Amino acid sequence: MPPTPLLDAVLAQDTAVSTLRRALAGGRVHHAYLFDGPAGVGKELAAFGLAQALVCETRRDNGERGGSGDRACGTCSSCTRAVPREETTRPVHPDVVVLERGLYEPGQIGRRTPESQDISIDQVRSLVLARAAYGPHEGRAKVFLVRRAEELSVPAANALLKTLEEPGQRTHFVLLTAQASLLLPTILSRTQRVRFGYLPEATVTAILTGRGVEPGRAAEIARLAGGSVETALGLADPEESEHRTAFVAAALRAIDAPDMGPALDLAEDAKKAKDALPLRIAALASALGARGSAAAAAGQPGAAGARGREAREAVACAARYSLAISALGELDGNASAQLVVEAMLARMRAV
């Protein structure tokens, strides 16, 4: 069976995909798109699908060439090279360029230190500005994809502005974000927004079962995933499940510890797993909620045990649950993972 063109593989995002297909078919692909929507709902797949169609060697452009106007063939050399490689998460096609925090070794982008907090101006200079004056390497189109565009530093975003406004011929940008409000207004004004929504539970279930998850477990995970395949895969990963359990246990110990030592250790570890941290803090919130509910039930009139102690425990758990939810909001705002965990645990200890 021949490879499926990437845009054909985007599920349950009919409005977004139709918008892109119409632009391709009419030869009116915008020079700068902002793909806006939750994490794990198909934005990146659609972005690479658009890039694949733009560089496809057989797709018809305004009556030229021989293929369909809105679809990549999926099989030509350009189409296969436009697909991100699993080991590097970026394609080998010279005209499909990915920008992402920490994706490149410092020396590759003219830096001495890694990009730990944002997409640096060095990456924009090396990958975009140095190529802006030149046409596509292979003659079809040149596409720059920016993962988590909200992580562009202010200097990097400003350096990108003029190129976004006046790109070279056959040059296109696709910025991906789950937090459009964090982008500079000048970036927002120079891009055409394409919105992506949460996926239906049935779609998430089907994706999980297609990856070998048992149907019953896949349906249960899909109910918890909130319409995000990224979240669902994290929940389905046995190794990550162990890490979440260990994080929750360590956090609960840190809350009850006589000093801040265990909390500081856990915060230090958190910066090494920033992408997994939201699920781990959500699991902590769930554990605190369950503990608080159990304490509240034990403190009801007629229940056995010391009702006053249980009632205090229920109140404390409720307050700590709220602090965990607040920490998730801070992470959404791109705060430092280490500082978020440290502050969250310090506040929980004070309850």
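Computed from the coordinates by the stated procedures, all read-outs in this text should not be read as laboratory data. For clarity, every value in this text was computed on a predicted model and none was experimentally measured. FYI the Cβ positions are ideal-geometry reconstructions off the backbone, even for glycines, and counts take in every protein chain you see.
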Practice task
Post the alpha-carbon centroid distance, the range 185-210 to the range 322-341, in whole angstrom.
Solution key: 23 Å
Handout entry: Positive-end extreme of charge dipole, the chain - chosen from Cys317, Leu24, Gly49 (charges on Cβ)
Key = Leu24
Practice task
Output the direction-averaged projected area (hull surface divided by four) of the convex hull of the alpha-carbon atoms of the range 214-264, in nm².
Solution key: 4.5 nm²
Handout entry: Amide H contacts under 5 Å for Gln192, placed H, 5+ residues apart
Key = Ala32, Tyr33, Leu34
Problem - Calculated diffusion of the chain, Stokes-Einstein form, Kirkwood radius summed over Cα pairs, 10 °C and 1.306 mPa s, µm²/s - result: 71 µm²/s
Practice task
Mind scanning Lys43/Lys142; Lys162/Lys272; Lys162/Lys271; Lys142/Lys274; Lys142/Lys271; Lys43/Lys162 and naming the pairs with a C-alpha gap bigger than 28 Å?
Solution key: Lys162/Lys272; Lys162/Lys271; Lys142/Lys274; Lys142/Lys271
Practice task
Sum up the charges of everything whose Cβ sits under 9 Å from the Cβ of Arg147, counting Lys and Arg as +1 and Asp and Glu as -1, but leave Arg147 out.
Solution key: -1
Handout entry: Distribution of pairwise C-alpha distances over the range 6-195, 10 Å bins, in %
Key = 9, 39, 38, 12, 1
Practice task
Send over the per residue convex hull volume for the range 237-350, Cα only, as a whole number of Å³.
Solution key: 98 Å³
Handout entry: Helix-only mean residue ellipticity at 222 nm for the chain, each DSSP H run of n ≥ 4 adding -39500 (n - 2.57), per residue, nearest 500
Key = -15000 deg cm²/dmol
Practice task
Might you report the magnitude of the Cβ-based charge dipole of the chain about its Cα centre, with Lys and Arg at +1 and Asp and Glu at -1, to the nearest 20 debye?
Solution key: 660 debye
